[in-house]
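We did not get these values from a lab; they are worked out from the coordinates using the rules stated. Please read all numbers here as calculations on a predicted model, not as lab measurements. Ideal geometry is used to build each Cβ from the backbone, glycine not excepted, and the neighbour counts take in all protein chains shown.
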Amino acid sequence: MIQQAWQISAEQARAQMKANLAGRKVMVRDPKVPQRFGHTAEGMWQGYHAAIADEEPKAIVAKLNAIDSELLGFALEGVGIGLAELDALKPQKQNRVQAFLEGTTAAYQTMVYLGVGLGLVRCKLPIEPYLNQQHPVGCWPVVDGYGFNHGIYYWQDYIDGQAIPVQLSGYLGRVFDQGLGRSIWLVDCADVNRIATTIDAFPATRQTDLWGGIGYVCASVGGAERSTIEALGKVAGDRVSELAKGATCAAKFRKLLGNQAGYTELVSEILCSMAAEAAIEIKDTPLKSLPNNSAEPDQQIWQHYREYLLV
């Protein structure tokens, strides 16, 4: 039985967000934004409770089919959290995450592994076993989720203090920053000027990946008005191409998962129109063969890891 302290509800997630906004003295400019955050949290924790209620893959999938299809990606993250916790508490020969993902696509796997990374932070579990995975699909999304939840739960150290876990060196540090960037969208409650100020305080070498995370999450989560997305592209300046890359990846993932959403397509179109050349390059770039995780990717080619996990 999972410890009660680990059984997180959407209400607790909303309480965490309110605490973050209060702690950072963030003004909520559009009430629809936190409402949308709460809605996606509900999908995530529905997936989580589906996983801990019955760890058999078929039973989990049956419960996922009953969840609003638009929330599938978030529900899969919740499944990743729940199964990772079960694996930590009740280890067995074949871990539950791998059993659930057997025969699934890279897009599906990525969402679950993002959840694994979230769970590692929440439950203070070690990330090292996932860093040793030879295939990037089993490593990079975990690191991304790890970065996201460090920003949500420990923003004082990792956003304001700009810390980075010592075990994440090289390209893994960049993936962590893409996850951290996603958290900035939430903890700064889509306030585009504040987001720009937050990211500008980071070293220039980290800003590219932080903006990439912002582009992905604003397209994936939705809830912001067109005017907000247009303002976001303007304050990003010459980093708008990173927003476009992230938003395009969000649209691709939704298409592959079969849960496309109009707002995701809209955000992608807005940001891509503000960085047309970069957007065309992303859309037309053929998939490249993945190196094993021990190889260091070319920094200019592997600028946004999600693009290369889509099959």
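Odds and ends about this structure:
- Of Met111, Met44, Met27, the one that fluctuates the most in a GNM where the chain has Cα springs shorter than 10 Å: Met27
- Taking every C-alpha pair closer than 8 Å and separated by at least 6 residues, the mean separation divided by the residue count of the chain gives a relative contact order of 17 percent.
- Top of Arg122, Arg29, Arg194 by mean-square fluctuation, Gaussian network on the chain, Cα under 10 Å: Arg29
- The chain: C-alpha gyration tensor shape, a/c 1.5 cut-off, then a/b vs b/c: rounded
- Taking 21 Å as the straight-line reach from the Cα of Lys234, the lysines in range (excluding those fewer than 8 positions away in the same chain) are Lys245.
- Region 133-275: relative contact order in percent, alpha carbon pairs under 8 Å with at least 6 residues between: 20 percent
- Taking the fewest neighbouring Cβ atoms within 10 Å as the starting point, the ordered list for Lys32, Lys25 is Lys25, Lys32.
- When each of Cys249, Cys189, Cys218 is scored by the number of other beta-carbon atoms lying within 10 Å, the sequence from fewest to most is Cys189, Cys249, Cys218.
- Shape category assigned to region 13-166 from the gyration tensor of Cα positions, a/c cut at 1.5: oblate
- Here the Karplus curve 6.51 cos²θ - 1.76 cosθ + 1.60, taken at θ = phi - 60°, turns the phi angles of region 90-98 into couplings of 10, x, 9, 4, 9, 6, 5, 4, 5 Hz, with x standing for Gly and Pro.
- Among the listed pairs Lys18/Lys90; Lys90/Lys124; Lys32/Lys255; Lys63/Lys255, those with a Cα-Cα distance over 23 Å are Lys18/Lys90; Lys32/Lys255.
- Residue among Gly119, Gly82, Gly173 with the largest mean-square fluctuation in a Gaussian network model of the chain, springs linking Cα atoms under 10 Å: Gly173
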